[in-house]
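The values are calculated or read from the model by the stated rules, or taken from the named source; none is laboratory data. A quick note: this is a predicted structure, and the numbers were derived from the prediction, not measured. Cβ sites come from the backbone with ideal geometry, for glycine too, and all protein chains shown count toward neighbours. Note: accessible area is taken over every heavy atom of the protein model, side chains too, but ligands, DNA and RNA are not part of it. Shrake-Rupley method; radii C 1.70, N 1.55, O 1.52, S 1.80 Å.
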Amino acid sequence: MRIHTGEKPFKCEICEKMFTRNATLKMHMRIHTGEKPFKCQICKKMFTRNATLKMHMRIHTGEKPFKCEICEKMFTQNGHLKEHMMIHTGENPFKCEVCEKMFTHNGNLKEHMRIHTGEKTFKSEICEKMFTHNGTLKMHKRIHTGENTFKCEICEKMFTQNGYLKEHMIIHTGKKTFKCEVCEKMFPCNNKLIIHMRIHTGEKPFKCEICEKMFTHNGTLKMHMSIHN
């Protein structure tokens with residue numbers, strides 16, 4: 001009857017959360033105690049609840065009981081199916097309060113918020129450079145490892161990122177899609193257009209720390225530094 005009455009007589013003495021059943025309170029207490037009595041016999045991972053262990057086991061068994069009725073993609077958890085359905089419905093329930101951009105998942109919103117906060121939680125263990133996203137850190141690590149996973153099928157040159165490969169491909173195609181709105185000059189990639197725009201804006205973002213002279217390009221600054229050496 002407590003489901004109907006809303007009565008919750010069982011109280012957690014740590015966080016004061018109330019529960020309908022004593023058994024539910026006992027399960028809840030594991031959050032505070034860190035107790036994980038349910039163990040996966042395959043990978044030895046421990047769980048607070050038996051139900052969570054059962055869901056975890058699907059990783060090992062490959063069982064996917066939840067099916068999307070639109071594209072027939074299968075999922076291990078009902079929650080994952082519900083999240084997936086937003087792709088078809090176009091629903092974006094999570095809103096950034098700063099720029100009002102909408103997101104399908106709360107996790108994506110949290111990642112996006114780092115753009116506004118400047119938070120960088122992912123650190124390179126080699127050079128200690130910090131990154132906003134783990135994916136960016138992984139790409140950065142290739143600089144240290146020398147790993148080049150993206151290959152040009154024409155000249156066989158290798159690249160650390162797919163974006164760099166795409167930019168490189170313009171050399172072979174000759175395609176120039178980025179246009180300067182001031183002088184209408186065309187460029188093969190956005191990065192070259194950004195550098196070109198400094199001619200019109202007068203922007204000089206590279207500064208000599210010795211004589212404080214400013215430069216449009218980093219390469220020009222490096223050549224200038226030889227004067228001081």
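Let's see if you can work this out: charge +1 on each Lys and Arg Cβ, -1 on each Asp and Glu Cβ, no other charges. What is the dipole magnitude of the chain about its Cα centre, in debye to the nearest 20? Mind showing how you got there, number by number?
Numbers: 41 positive and 24 negative charges, 144 e Å.
Magnitude of the dipole: close to 700 debye.
With a Förster radius of 30 Å, plug the Cβ-Cβ distance of Ile210 and Glu147 into 1/(1 + (r/R0)^6) and report the FRET value to the nearest 0.05.
Values: r = 36 Å, r/R0 = 1.20.
About 0.25, to the nearest 0.05.
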In a Gaussian network model of the chain with springs linking alpha carbons closer than 10 Å, the residue among Glu91, Glu153, Glu111 that fluctuates most is Glu153
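Expressed as a whole percentage, what fraction of the accessible surface of region 56-153 belongs to carbon and sulfur atoms when a 1.4 Å probe is rolled over the protein heavy atoms? Don't skip to the answer; put the middle values down first.
Values: 3510 of 6950 Å².
Roughly 50 percent of what the probe reaches on region 56-153 is carbon or sulfur.
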So if I take the centroid of the Cα atoms in region 161-229 and the same for region 92-112, what is the distance between those two points in Å? 33
Rg/Rh of region 75-229 (Cα atoms, Kirkwood Rh), to two decimals, equals 1.05
Ellipsoid semi-axes in whole angstrom, largest first, where each is sqrt(5λ) of the Cα gyration tensor of region 101-159: 28, 17, 7
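Quick one: compute the contact order of the chain, relative version, from alpha carbon pairs under 8 angstrom and 6+ residues apart, as a percent. Don't skip to the end; give the middle numbers.
Numbers: 245 pairs, mean separation 11.7, N = 229.
Rounded, it is 5 percent for the chain.
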Set of lysines near Lys204 by C-alpha distance (under 16 Å), chain-local residues within fewer than 8 positions excluded: Lys192, Lys213, Lys222
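Pairs of alpha-carbon atoms within less than 8 angstrom and 6+ residues apart define the contacts here; what relative contact order does region 57-127 have, in percent?
Working: 60 pairs, mean separation 11.3, N = 71.
Dividing the mean separation by the residue count of region 57-127 yields 16 percent.
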Placing +1 on the Cβ of each Lys and Arg and -1 on the Cβ of each Asp and Glu in region 41-110, which of Ile70, Asn106, His56 has its Cα farthest towards the positive end of the resulting dipole? His56
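Just subtract the alpha-carbon distance of Met130 and Met225 from 0.36 nm times their residue separation and send over the number in nm, one decimal. Present the calculation step by step, with values, prior to reporting the outcome.
Working: separation 95, 0.36 × 95 = 34.20 nm, distance 2.72 nm.
The Met130-Met225 span can extend by a further 31.5 nm.
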Relative contact order of region 149-191, please, whole-number percent, based on alpha carbon pairs below 8 angstrom and at least 6 residues apart. 25
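How much accessible area per residue does the chain have, in Å², with a 1.4 Å probe? List each step's numbers first, then the result.
Values: 16920 Å² over 229 residues.
I get 74 Å² per residue for this part.
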Dipole magnitude of region 94-144 about its Cα centre (Cβ charges: Lys, Arg +1; Asp, Glu -1), debye to nearest 20: 200
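Expected output is a single nm value to one decimal: the length gained when fully extending between Asn191 and Lys11, i.e. 0.36 nm times separation in residues minus the C-alpha distance. What is it?
Separation in residues times 0.36 nm, less the Cα-Cα distance, equals 58.9 nm.
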Amide hydrogen neighbours beyond the local backbone of Lys185, cut-off 5 Å, H modeled: Cys180
If amide H atoms are built 1.01 Å from N in the plane of the peptide, which residues on other chains or at least 5 residues away come under 5 Å of the amide H of Phe94? Phe103
Residue by residue through region 199-208, what is 3J(HN,Hα) from phi via Karplus (6.51 cos²θ - 1.76 cosθ + 1.60, θ = phi - 60°)? Round to whole Hz and write x for glycine and proline. 4, 7, 7, x, 5, 9, x, 10, 10, 6
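So between Glu184 and Ile154, what do we pick up on full extension, going 0.36 nm a residue minus the alpha carbon distance?
Roughly 7.8 nm would be gained on extension.
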